[in-house]
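The values are calculated or read from the model by the stated rules, or taken from the named source; none is laboratory data. Quick caveat: nothing in here was measured; it's all calculated off a predicted structure. Here Cβ is always computed from backbone atoms with ideal geometry, including for glycine, and neighbour counts include all displayed protein chains.
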Amino acid sequence: MSRPVPNLGNPQSTIAVLKKYQFVFQKKFGQNFLIDPHVLDKIIRASEITEEDFVIEIGPGIGTMTQFLAAKAHKVTAVEIDKELIPVLEDTLHGYDNVTVLNEDVLKVDIRSLVEEQNEGRPVKVVANLPYYITTPIIMGLFESRVPLESATVMVQKEVADRMRSGPGSKDYGALSLAVQYYARPELIANVPPNCFMPRPRVGSAVVRLTRHEKPPVQAVDEGFLFQVIRASFNQRRKTLANGLSHAPEINIPKEIIEDTLEEMGLFRNVRGETLTLEQFARLGNLLWKKREVLPELT
Ligand code: SAM
């Protein structure tokens, strides 16, 4: 099967398409289109697409990256919210018989069912230059809804890439770092300056590859509770961990018991959340979960 050679991915071709369709950028959709062939090449290489792969692209824009993905993959489904881009995509993706474009809000698409239908439940690779206003819900949605995901190679704000990759003690460390690292191994692929996009975003960007762990690196008795503990621990950064947790109604454990538990773990009673590793959070979550079950006896 011969597919067209991609002809997008530089400023001239993007301008030509935008002009042809008199396209008006929608700020509310986070539209910053990639116009740098080197960055495209890095994303495609890092995503390790083979001709066996089913790929989901979130936000194809005018179809620049979609062309490169379609040239390599078995099948591509691209989810684009902006209906003005649909005729553009029909044009730029003409001849790529392995691409389906869905005109939907990705946050409302049942990606898990989509993968089951399209790929018989086999793992999918996600590749995207993400709309920055919804990066976290998209990434967490993919992980938490148990989409069979092999990897996600995504362009995000530089600051978000730093948060995903950081560890205890860093100013960037927080709930997002722990959630991402619970599900995946994050890797920085490239830093990308604003001039690689049209229009230029006000912030720096970075490509990260998240390779999903076959099984999480720590064991949580109750995953949902672990994430409640993590979120509550970082809710008020200036507070001690015990203060943050004891003020969270969803945790519902008295401060004294939380402090005793920290001590039991060999930590100071006034320790701060940003110093704990994922392993320590998992242990804390598991201990608190057990204590919560016998709370009336403890208080
Ligand atoms: N992939 C293109 C590129 O690299 O040139 C465009 C990337 S642009 C940063 C983000 C794209 O996501 C835009 O096309 C935008 O319309 C689309 N988008 C924004 N919100 C979306 C949503 N909720 N669901 C699906 N697509 C969305």
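Give me the pairs: first residue in segment 238-251 and closer than 17 Å to G174 by Cβ, second residue in a helix (DSSP H, G or I) and of a type outside the set (S, T, N, Q), beta-carbon distance under 6 Å, and six or more apart or on different chains, which are they?
Cβ pairs passing all conditions: L241/G273; G244/A232; L245/A232; L245/I258; A248/A232.
Tally time: how many residues in segment 169-187 are farther than 12 Å from F234 by Cβ and at pLDDT 95 or above?
8
Only one of these is in a loop (DSSP other than H, G, I, E, B), in contact with a strand residue (DSSP E or B) (Cβ under 9 Å, 6 or more places away or on another chain) and either away from the ligand (no atom under 16 Å from the Cβ) or under 17 Å from T135 (Cβ atoms) (or both): P186, P201. Name it.
On the way: P186 fails: in a loop (DSSP other than H, G, I, E, B).
Result: P201 is the single residue among P186, P201 that is in a loop (DSSP other than H, G, I, E, B), in contact with a strand residue (DSSP E or B) (Cβ under 9 Å, 6 or more places away or on another chain) and either away from the ligand (no atom under 16 Å from the Cβ) or under 17 Å from T135 (Cβ atoms) (or both).
For a quick check of your reading of the model, give me the residue pairs whose first member lies in segment 76-91 and is in a strand (DSSP E or B), whose second is within 10 Å of the ligand (Cβ to nearest atom) and among the hydroxyl-bearing types (S, T, Y), with beta-carbon atoms closer than 7 Å and at least 6 apart or on different chains.
V76/T66; A78/T66
Can you name every residue in segment 242-261 that is of a type outside the set (A, V, I, L, M, F, W, C) and part of a loop (DSSP other than H, G, I, E, B)?
H247, P249, E250, N252, P254
Every residue in segment 24-66 that is in contact (Cβ under 8 Å) with a residue 60 or more places away in the chain and assigned to a loop (DSSP other than H, G, I, E, B), please.
V24, F25, G30, Q31, N32, I35, D36, E48, I49, D53, G59, G61, listed by residue number.
For segment 16-48, which positions are within 13 Å of the ligand (Cβ to nearest atom) and aliphatic (A, V, I, L, M)?
Scanning segment 16-48 gives V17, L18, V24, L34, I35, V39, L40, I43, I44.
For segment 49-87, what are the residues that are more than 19 Å from L142 (Cα to Cα), more than 10 Å from the ligand (Cβ to nearest atom) and among the β-branched types (V, I, T)?
T50, I86
Does E150 satisfy the criteria of being part of a strand (DSSP E or B), at pLDDT 95 or above, under 29 Å from G273 (Cβ atoms) and away from the ligand (no atom under 16 Å from the Cβ)?
On the way: part of a strand (DSSP E or B): yes; at pLDDT 95 or above: yes; under 29 Å from G273 (Cβ atoms): no; away from the ligand (no atom under 16 Å from the Cβ): yes.
The answer is no for E150.
Looking at (1) outside the structural domain of S166 (by TED's automatic domain parsing); (2) part of a loop (DSSP other than H, G, I, E, B), find the lone condition where K290 falls short.
The single condition K290 does not satisfy is (2).
Assess whether T135 counts as being free of Cβ contacts under 8 Å to residues at least 40 places away in the same chain, crowded, with 18+ Cβ neighbours inside 10 Å and within 13 Å of the ligand (Cβ to nearest atom).
Numbers: free of Cβ contacts under 8 Å to residues at least 40 places away in the same chain: yes; crowded, with 18+ Cβ neighbours inside 10 Å: yes; within 13 Å of the ligand (Cβ to nearest atom): yes.
Yes.
So if I check each of P87, P6, P37, P60, which one is out of contact with any strand residue (DSSP E or B) (no Cβ under 6 Å at 6 or more places or on another chain) and buried (at least 20 other Cβ atoms within 10 Å of the Cβ)? Step through it out loud before you land on a result.
Details: P87 fails: buried (at least 20 other Cβ atoms within 10 Å of the Cβ); P37 fails: buried (at least 20 other Cβ atoms within 10 Å of the Cβ); P60 fails: out of contact with any strand residue (DSSP E or B) (no Cβ under 6 Å at 6 or more places or on another chain).
So the residue among P87, P6, P37, P60 that is out of contact with any strand residue (DSSP E or B) (no Cβ under 6 Å at 6 or more places or on another chain) and buried (at least 20 other Cβ atoms within 10 Å of the Cβ) is P6.
Somewhere in segment 135-148, is a residue farther than 24 Å from T77 by Cα and more than 12 Å from the chain's Cα centre (by Cα)? Walk me through it before giving the result.
Our first condition is that a residue be farther than 24 Å from T77 by Cα; within segment 135-148, this holds for none.
Within segment 135-148, not a single residue is farther than 24 Å from T77 by Cα and more than 12 Å from the chain's Cα centre (by Cα).
Looking at segment 255-280, which of its residues are surrounded by fewer than 20 Cβ atoms within 10 Å (Cβ to Cβ) and either over 31 Å from the mean Cα position of the chain (by Cα) or more than 22 Å from S177 (Cα to Cα) (or both)?
K255, E256, I257, D260, E263, E264, M265, G266, L267, F268, R269, N270 - these are the residues of segment 255-280 that are surrounded by fewer than 20 Cβ atoms within 10 Å (Cβ to Cβ) and either over 31 Å from the mean Cα position of the chain (by Cα) or more than 22 Å from S177 (Cα to Cα) (or both).
Scan (1) within 16 Å of the ligand (Cβ to nearest atom); (2) within 30 Å of L18 (Cα to Cα) for the single condition D97 breaks and write down its number.
Condition not satisfied by D97: (1).
I'd like to verify a number: residues in segment 104-126 that are near the ligand (Cβ under 9 Å from one of its atoms) and either in a loop (DSSP other than H, G, I, E, B) or over 16 Å from S145 (Cβ atoms) (or both), how many? Spell out the reasoning first.
Quick first cut of segment 104-126, residues near the ligand (Cβ under 9 Å from one of its atoms) only: 104-109.
Cutting the leftovers down to either in a loop (DSSP other than H, G, I, E, B) or over 16 Å from S145 (Cβ atoms) (or both) gives us 104-105, 109.
Looking only at that region, the number is 3.
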